[in-house]
Amino acid sequence: MLARIFNIARKELLQIRRDRRILPMVIISPVLQLLIYGYAISTTITNINTAVYDMDRTQQSRELIQTIGASGYLNLRYYATSEQTVDNLMDTGQASVVVVIPVDFAKDLTRGTSAPIQAIVDGSDPNVATTALGYISSIVQGYSQQIVIQRVGHMPAAGVDARIRVWYNPTLESKNYMIPAIIGLILLQITMNMTALSIVKERERGTIEQLVVTPIKKWELVAGKVLPYAGIGYLDVFLVLLAGTLIFGVPIRGSVLLLLGLSGSFLLSALGIGLFMSTISKNQQQATVAISFIMLPSFLLSGFFFPIANMPPVVQWITYLIPLRYYMFIVRAIFLKGAGFRLLWDQFLYMTILGVVILTVSVLGFRKKLE
């Protein structure tokens, strides 16, 4: 039995080695995707294009402008000279923020009265707009505090002293949150694609029917076909781990062995989905289209980029049927929090049950297709 499975797996590995297109897909593609996702996808919004319309033109207004430019978050690129210029900068998208300093700004500060300024923010991108508003509020608050200190000579004695600590990701770098999740995304995509396309390709050539008429049992054929791709999946995990830690410097606070062990449970689902895609597809084009219908919901509903807690209740229930949801939680917890199996056993259990169900249904469907 084991010898027959080994021979089928060996035959599959030989076919993989002979196909020159497989090597770039297995080795180059995961690293390339990691670089693209790692550098392109970032939730840390900085260098927001900003314009200033200084109607006061005093030393105090220039100090405020210097404070805005030195913040490191707002990229001070434009100096408007009229309201028409402000409109053009916002309409053309050249500036996402315009800070308007009105006339008598310095006089109001000198008198000790409120000195209002106006901040115009482009709300077409809510994420950028919300972040920009937070930056502006913080900058203006800091500038106002400096004026109070200069005037009074010391900090006010009363007030709330908030001492904030950030756990797990103290620098709030988005790469530490995104890179671990990319492991799951790449593992699902590569394993599912290769499993489905390989089996469909054999069906197109007619070679899989030749295996059916041999004494090999159906489940042995399935096991021999998918085992090499499980190994390829683990190879991709190693590659992404090395690239993520060496290129991006993402720390792994938990056990790498635990991560590899729990990844095996996720591979059950990835292989099962790929096998199922092969049963409902007659050619490689149909398999590619079918896979895209799986990848998009997995990306959107797994918590890779959008928090599941912010989704409607009905959609949140649907996410429980997506294996990538559990793997995202596991890999991020191991990377960022150093979590052990004691804290991850429930996610592992749900993911394993789902993986076994998907793989069982796919194997039964594949056997029926062969028969």
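The angle between the Cα long axis of helix 341-370 and the longest principal axis of the Cα atoms of the chain comes to about 50 degrees, rounded to the nearest 10.
With the charge dipole of the chain set up from +1 on Lys and Arg Cβ and -1 on Asp and Glu Cβ about the Cα centre, the Cα lying farthest toward the positive end among the listed residues 79, 34, 276 is that of 276. The trypsin sites (Lys or Arg not before Pro) of the stretch 262-335 meeting both criteria, a DSSP state outside H, G, I, E and B (loop) and at most 16 other C-beta atoms within 10 angstrom of the site's C-beta, are 282. Extension gain for the segment residue 63 to residue 350, taken as residue separation times 0.36 nm less the Cα-Cα distance, is 97.6 nm to one decimal.
Within the set of other residues whose C-beta is less than 15 Å from the C-beta of residue 180, count the net charge using Lys and Arg as +1 and Asp and Glu as -1. Present the calculation step by step, with values, prior to reporting the outcome.
Values: positive: 175, 253, 325, 332, 337; negative: 173, 236.
Once positives and negatives cancel, what remains is +3.
Here's the picture: charge each Lys and Arg Cβ at +1 and each Asp and Glu Cβ at -1 in the chain, and of 239, 319, 105 the one pushed furthest to the positive end of that dipole is 239. Centre-to-centre separation between the Cα atoms of the stretch 292-352 and those of the stretch 95-112: 47 Å. For the stretch 48-152, give me the percentage of DSSP beta bridges that are antiparallel, rounded to the nearest 5 percent. Around 30 percent antiparallel, to the nearest 5. Extension gain for residue 137-residue 11 works out to 39.0 nm (0.36 nm per residue, less the C-alpha to C-alpha distance).
If you take all other residues with their beta carbon under 11 Å from the beta carbon of residue 50, and give Lys and Arg +1 and Asp and Glu -1, the sum is 0.
For n ≥ 4 DSSP H runs only, could you compute -39500 (n - 2.57) per run for the chain, divide by its residues and tell me the 222 nm figure to the nearest 500? Numbers along the way, then the final one.
Numbers: 14 runs with 239 residues, N = 371.
The helix contribution divided over the chain gives -21500 deg cm²/dmol.
If you stretched the chain out fully between residue 130 and residue 321, how much longer would it get, using 0.36 nm times the residue separation minus the C-alpha to C-alpha distance? Can you show the working numbers first?
Working: separation 191, 0.36 × 191 = 68.76 nm, distance 3.23 nm.
Extra length from residue 130 to residue 321 when fully extended: 65.5 nm.
Taking only Cα atoms, what is the 0 to 90° angle, nearest 10, from helix 284-301's long axis to the longest principal axis of the chain? It works out to around 40 degrees.
In debye to the nearest 20, how big a dipole does the chain give about its Cα centre with +1 on each Lys and Arg Cβ and -1 on each Asp and Glu Cβ?
Values: 31 positive and 21 negative charges, 395 e Å.
Dipole about the Cα centre, nearest 20: 1900 debye.
Considering only beta bridges that DSSP places wholly inside the chain, some 30 percent are antiparallel. What's the angle, to the nearest 10 degrees (0 to 90), between helix 59-69's Cα axis and the longest principal axis of the chain? Orientation of helix 59-69: about 10 degrees from the principal axis.
Just so you know, all these numbers are worked out from the coordinates, no wet-lab data involved. Everything quoted here is computed from the prediction, not taken from an experiment. A quick note on method: Cβ atoms are made from the backbone with ideal geometry, for glycine too, and the neighbour counts reach across all protein chains shown.
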